[in-house]
Amino acid sequence: MAEQKETVTRDKLVGMQVIDAQGHVLGAVKDVAFTVGKVGVSLCVENKKGESRNIAWEEVQAVGDFVVLKLVTQVAAQAEQKAQQTCPTCKGPLSFIQQYQRWYCYKCQKYV
């Protein structure tokens, strides 16, 4: 029998606490976001100070009573496993910068 994947709705996610892999509460899901021109979903998470940040869906390990994030090393390894990205300007290799969830070209010294 095939494994059935559970779907998670926006209504279920909004208000849910987000916990990192070490068990620290990062905040609560305020909304779900899409970036124009890119594939994927991110969670808009707001902390107790009212500061917001986006967390890519690829960083989510599990959703139950909380949203639990993967270890940072797991996310970085997954980014490295993706097809080798090249800079559209110089055709050189790109590096995935985890903190900003973006690709960076060290040769051109800019994000793409």
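The values are calculated or read from the model by the stated rules, or taken from the named source; none is laboratory data. Quick caveat: nothing in here was measured; it's all calculated off a predicted structure. All Cβ positions, glycine included, derive from the backbone under ideal geometry; neighbour counts span all protein chains shown.
Here is how the numbers come out for the structure above:
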quantity: Conditions (1) more than 12 Å from the chain's Cα centre (by Cα); (2) modelled with pLDDT of 85 or more: number failed by residue 33; calculated: (1)
quantity: Qualifying residue in region 14-28 (condition: within 11 Å of the chain's Cα centre (by Cα) and not in a strand (DSSP E or B)); calculated: no
quantity: Which numbered condition residue 31 fails, given (1) in contact with a helix residue (DSSP H, G or I) (Cβ under 9 Å, 6 or more places away or on another chain); (2) part of a loop (DSSP other than H, G, I, E, B); (3) not hydroxyl-bearing (Ser, Thr, Tyr); calculated: (2)
quantity: Close pairs (7 angstrom Cβ cut-off, 6 or more residues apart or separate chains): modelled with pLDDT of 90 or more in region 10-25, surrounded by 10 or more Cβ atoms within 10 Å (Cβ to Cβ) and polar (S, T, N, Q) anywhere; calculated: 25/17
